[in-house]
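Student: Below are the structure tokens for one structure; questions will follow.
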């Protein structure tokens, strides 16, 4: 006689129905049945911008675990809605880049991602917040946002991660824009730049190791500004990033802060977690320590990102 698995509480799935992984959403349903889910709340959306309402509905209905099916844009929208709720989130990385999942060792393997969501360890991770909206990986304005905006126009579906490289080549000749940047209330940068980035983790769009010292649980945001212009300077900058520390480039300046204000001399496109958001003349960013509870690989798992320090500790 087979022993039944103990049922767990209410589990909510918020899925981008146009994204795919493994055997798709049908396989996900079968895997959830094997986990002994008690009540299953199932929401599918055609676009990530429709996900926040579903997340809030799931939280109001008493979800004890939130599974997010999709790419970084979908994760960002759902994390923004679930921030500081205390409800653990499990990521099913069904997108193109899956930056957040990759940084935390969550594989693009459906059964394993589900196993981690149910049986992995819980970590309290920081979030960033820009102009009132949360992000988990990165935010930025200028070169990277223009690149992402172009990649979003159907290229990602046709070319996958190569879309970022292709669109990046089209923007290396972009103009520099005056920027005034304050970190924790003090003036830090005043000059012309092509890009400003805020990072919560190390690896960003296109698999670039941009922030060498970033940790998603240290209570800080990394801040980087790039003055590179033209193909030669951008090649030198990206070359330094690929073989050494990003801040060793003469065209890159970096620091860390809890609050950042950026004022632009002209409207600039900005992005959150690889999703284009529009244009702004000012960005206000801050860290939200411990704002997200996430299920990640347990110590010893093949994909464990392996941080020895206690998550969520803010340096004093």
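The values are calculated or read from the model by the stated rules, or taken from the named source; none is laboratory data. All values derive from a computational prediction rather than experimental measurement. Don't worry about glycine lacking a Cβ; one is built from the backbone with ideal geometry, like all the others, and counts go over all protein chains shown.
Student: Restricting to region 186-204, name every residue that is buried (at least 17 other Cβ atoms within 10 Å of the Cβ) and over 13 Å from residue 214 (Cα atoms). Outline the logic, then answer.
Tutor: So the first thing to find is which residues in region 186-204 are buried (at least 17 other Cβ atoms within 10 Å of the Cβ), and the list is 188-189, 193-204.
Passing the criteria: 188, 189, 193, 194, 195, 196.
Student: Given the residues 281, 255, 293, 261, which is the only one that is modelled with pLDDT of 90 or more and surrounded by fewer than 17 Cβ atoms within 10 Å (Cβ to Cβ)?
Tutor: On the way: 255 fails: surrounded by fewer than 17 Cβ atoms within 10 Å (Cβ to Cβ); 293 fails: surrounded by fewer than 17 Cβ atoms within 10 Å (Cβ to Cβ); 261 fails: surrounded by fewer than 17 Cβ atoms within 10 Å (Cβ to Cβ).
Result of the check over 281, 255, 293, 261: 281.
Student: Tally up the residues in region 15-64 that are in contact (Cβ under 8 Å) with a residue 60 or more places away in the chain and within 19 Å of residue 84 (Cβ to Cβ), please.
Tutor: Total meeting the criteria: 0.
Student: Can you give me the number of residues within region 84-114 that are surrounded by 19 or more Cβ atoms within 10 Å (Cβ to Cβ) and within 18 Å of residue 11 (Cα to Cα)?
Tutor: Here the count works out to 9.
Student: Tell me the residue from 61, 94, 81 that is over 22 Å from residue 23 (Cα atoms) and touching a helix residue (DSSP H, G or I) at 6+ places or on another chain (Cβ under 9 Å), please. Break it down stepwise before answering.
Tutor: Numbers: 61 fails: touching a helix residue (DSSP H, G or I) at 6+ places or on another chain (Cβ under 9 Å); 94 fails: over 22 Å from residue 23 (Cα atoms).
Just a single option satisfies the conditions, and that option is 81.
Student: If we keep just the residues of region 221-250 that are surrounded by fewer than 20 Cβ atoms within 10 Å (Cβ to Cβ) and part of a loop (DSSP other than H, G, I, E, B), which is modelled with the highest pLDDT?
Tutor: 227
Student: Still on this structure: Report yes if residue 106 is in the same structural domain as residue 21 (by TED's automatic domain parsing) and in a strand (DSSP E or B), otherwise no.
Tutor: Working: in the same structural domain as residue 21 (by TED's automatic domain parsing): yes; in a strand (DSSP E or B): no.
Against the criterion (in the same structural domain as residue 21 (by TED's automatic domain parsing) and in a strand (DSSP E or B)), residue 106 does not qualify.
Student: Let me ask you something else. Under 7 Å by Cβ, and 6 or more places apart or on different chains, what pairs join a residue from region 92-104 that is at positive phi with one that is buried (at least 24 other Cβ atoms within 10 Å of the Cβ)?
Tutor: Listed by first residue and then by second, the contacts come to 98/71; 98/72.
Student: For a quick check of your reading: which strands (runs of 3 or more DSSP E) sit entirely within region 10-99 and have at least 3 residues that are in contact with a strand residue (DSSP E or B) (Cβ under 7 Å, 6 or more places away or on another chain) and under 22 Å from residue 199 (Cα atoms)? Walk me through it before giving the result.
Tutor: Working: elements: 11-16, 40-45, 65-70, 89-93.
Answer list for region 10-99: 89-93.
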